[in-house]
Amino acid sequence: MAVPVCAVTECGGLRLTALRFTVAVDGGSVVGGLSGLTVGVNATGGRKGSARVLLGGVGKQRLAQLEYSEFQAAMLDEDKRRRKAAKIIAVLGHYLGTGNSLDGLTVADIGCSAGFIADELAAAGARHTFGVDIDVPGLRKAAKRFGERVEFVCADGTALPFPDCSIDVLVFNHIYEHVVDPDAIMAEMHRVLADDGVLYLGLGNRLGVMEPHYKLPFLSYLPPSLADRYVRLFGRADNYYERYRTRRGLRRMARAFQVHDYTFPVLATPARFAGGELFPGVAGRIARGALAATPRFVLRALLPIVPTYLWVATKGRRGPAGPALPQPPDQVRPL
């Protein structure tokens, strides 16, 4: 194993500029290029592996989660992550009209952590697959297992190390609430996405009743100071890091793209989208039937409180190329 030239560690008070480093791990490598991003490790507050991010000398008050996989066990749940990947690939395949194939495409998973989703994207036939994150421990694990067919890059999402219009498929799955500046990342993904490329967006809704990370009802409804007290009261964490947006806010965040909403298509026909575990058993079959038969105007009325949205975004005007569905994807009106 090679010693990193420049690595993010937990040394108290350490300040470093992460320009580029390589960590060779049993046949794979983590290649870092943070475009001159200056990182000051915060040894006194925040979660393990958090650091204050300084861009252009101006400090942002929110902390970047540099070692997310170290304190969020869900990122290392391989079975669950691979099931999510199967759903993502099925949605992308329907939109592209390619079944479950990504043959010949250049694909990047932004916020890849331990690399399970990126590995599935590569297995779906992608010609080149990248996994991008600032989670160095997660990237090390990913490179050790999957480095032979996925290139893992340590890079900030606001400065992706790809040329303009060079990526055919981008995946940004339940990441925006964890980052300091999701609007800047959306702009950067718009830059690197090919003109005929597609972007998969898994987006949590602030108005979803049960907060998915801490399993506390209405947590995401609260202002930050009250949310911090809420998670401390129930012993979940020292503070509430995540910042969700409402559907309206998400539409504004994606305003540079044309967007189709796959939320109800996936819920109504989960088997088609590798989401059979969403509605197990007899009750699940009843729920699937009810969703498939529910009038479209009723479903649209429920959209503001749906906990998760599954969107496919493009830079140009195009639509789903897959077969007809009981609940077809709707186009999302931009703000």
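The values are calculated or read from the model by the stated rules, or taken from the named source; none is laboratory data. Just so it is clear, the model here is predicted, and its values are computed rather than measured. FYI the Cβ positions are ideal-geometry reconstructions off the backbone, even for glycines, and counts take in every protein chain you see.
Keeping to region 106-129, report how many residues are of a type in the set (A, V, I, L, M) and modelled with pLDDT under 95.
Matching residues across region 106-129 total 1.
Mind checking which residues of region 101-133 are of a type in the set (A, V, I, L, M) and under 13 Å from the mean Cα position of the chain (by Cα)?
Ala108, Ile110, Ala114, Ile117, Ala118, Val132
I need the full set of residues from region 285-335 which are over 22 Å from the mean Cα position of the chain (by Cα) and acidic (Asp, Glu), in order please.
none
Assigned to a loop (DSSP other than H, G, I, E, B) and modelled with pLDDT of 95 or more: which single residue out of Leu250, Leu201, Leu207 fits that description?
None of the other options fit; the residue is Leu207.
Only one residue in Val198, Val179 is within 16 Å of the chain's Cα centre (by Cα) and more than 20 Å from Asp135 (Cβ to Cβ). Which one?
Exactly one residue qualifies, and that residue is Val198.
Quick test for you: out of Ala114, Ala142, Ala64, Ala85, pick the one residue that is of a type in the set (A, V, I, L, M), in a helix (DSSP H, G or I), under 28 Å from Tyr214 (Cβ atoms) and touching a residue at least 40 places away in the same chain (Cβ under 8 Å).
Ala142
Quick grid of which residues meet (1) on the phi < 0 side of the Ramachandran plot; (2) loosely packed, with under 11 Cβ neighbours inside 10 Å; (3) in a loop (DSSP other than H, G, I, E, B):
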position	(1), (2), (3)
Ala292	yes, no, no
Val298	yes, yes, no
Pro304	yes, no, no
Val312	yes, no, no
Arg317	yes, yes, yes
Gly322	yes, no, yes
Pro326	yes, no, yes
Leu335	yes, no, yes
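Looking for whichever is in contact (Cβ under 8 Å) with a residue 24 or more places away in the chain, under 17 Å from the mean Cα position of the chain (by Cα) and either more than 18 Å from Leu170 (Cα to Cα) or buried (at least 16 other Cβ atoms within 10 Å of the Cβ) (or both) here; the options are Arg252, Arg243. Which one fits?
Arg243
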